[in-house]
1. Please list, ordered by first then second residue, the pairs with beta carbon atoms under 7 Å, 6 or more apart or interchain, first in segment 14-38 and free of Cβ contacts under 8 Å to residues at least 24 places away in the same chain, second open to solvent by 60 Å² or more (accessible area, probe 1.4 Å).
2. Checking Gly103 against (1) open to solvent by 10 Å² or more (accessible area, probe 1.4 Å); (2) within 14 Å of the chain's Cα centre (by Cα), which single condition isn't satisfied?
3. Quick one: count up the residues across segment 73-113 that are among the polar types (S, T, N, Q) and modelled with pLDDT under 85.
4. Within segment 2-12, can you find the residues that are assigned to a loop (DSSP other than H, G, I, E, B) and in contact (Cβ under 8 Å) with a residue 12 or more places away in the chain?
5. If I filter segment 177-218 down to residues being without any contact (Cβ under 8 Å) to a residue 24 or more places away in the chain, closer than 23 Å to Asp89 by Cα and among the basic types (Lys, Arg), which single residue comes out as most open to solvent (accessible area, probe 1.4 Å)?
6. Search segment 66-81 for residues being farther than 17 Å from Ile118 by Cβ and in contact (Cβ under 8 Å) with a residue 40 or more places away in the chain, and hand back the single one that is surrounded by the fewest Cβ atoms within 10 Å (Cβ to Cβ).
7. Could we say that Val183 is of a type outside the set (S, T, N, Q) and modelled with pLDDT of 85 or more here?
8. Could you check segment 7-65 and list, in sequence order, the residues that are touching an Asp or Glu at 6+ places or on another chain (Cβ under 8 Å), surrounded by fewer than 16 Cβ atoms within 10 Å (Cβ to Cβ) and of a type in the set (Asp, Glu)?
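The values are calculated or read from the model by the stated rules, or taken from the named source; none is laboratory data. Just so it is clear, the model here is predicted, and its values are computed rather than measured. Cβ: placed from backbone, ideal geometry, glycine included. Neighbour counts: every protein chain shown. Surface accessibility is based on the protein's heavy atoms, side chains included, excluding ligands, DNA and RNA. Shrake-Rupley method; radii C 1.70, N 1.55, O 1.52, S 1.80 Å.
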Amino acid sequence: MDKKLRILLADDHAVLRAGLKVLLNAEPDLQVIGEAADGEEAIAQVEALRPDLLLLDLTMPKLNGVECIETLVKKHPELKILVLTMHDDEEYLKAVLRVGAKGYVLKKAADVELLSAIRTVARGEMFIYPTMAAAFMYRQLVGPAEPKRKDKKLKQLSEREEEVLRYLALGHTNQEIADLLHVSVKTVETYKARLMEKLEMRKRADLVRYAIDHGIIE
């Protein structure tokens, strides 16, 4: 029998990890060898267990998915990383692909689709959730809309507001941003409200898109 694919699960929801573990271990070619509840633990478990593939949530405590991927790709370039996330947004997709993830699948994916994503990435191929892949490929072929790099709204932001915008776009939670800036969560929420007002936006995904279009994050 061929060697099983050794998988590490990293997600801050214990119930989801338990369900994934049952699903994956039921497959003859897959084996869950460990779990992690936050980004720092994910890195530590990769160091200790050396899995073949890391199934990683994008938004976790202590260290978010983007930072986790960036760190692991540098230390373990052979590690296959598949992002499992609730974020159905192209800007998050581009962010994780830029830092080295090999796949992106949504948590709402059917069981068969998730298993297909794992096996595809394990073979060294790229997997992107189908509906997102179609939109992403179209934009790559026709080219993105010309970014508004000199937008007047950006000039209205203070240095701290721009900093908060960057952390939001990178996937940090309000609590993580508060910890990074040594302020209260309420203060972060105030900055976020100001950003929404100044940039005339209503959703976090809009802020992410704006940050990338205007060079706040690369």
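1. Within 7 Å, the pairs are Asn25/Gln31.
2. (1)
3. Within segment 73-113, the first condition is being among the polar types (S, T, N, Q), and the residues that meet it are 85.
Of the ones still in play, those that are also modelled with pLDDT under 85 are none.
Residues that pass the stated criteria total 0.
4. So the first thing to find is which residues in segment 2-12 are assigned to a loop (DSSP other than H, G, I, E, B), and the list is 2-4, 11-12.
Listed by number, the residues that qualify are Asp2, Lys4, Asp11, Asp12.
5. So the residue we want is Arg202.
6. Residue satisfying both the conditions and the ranking: Glu67.
7. On the way: of a type outside the set (S, T, N, Q): yes; modelled with pLDDT of 85 or more: yes.
Against the criterion (of a type outside the set (S, T, N, Q) and modelled with pLDDT of 85 or more), Val183 qualifies.
8. Within segment 7-65, Asp29 is the sole residue that qualifies.
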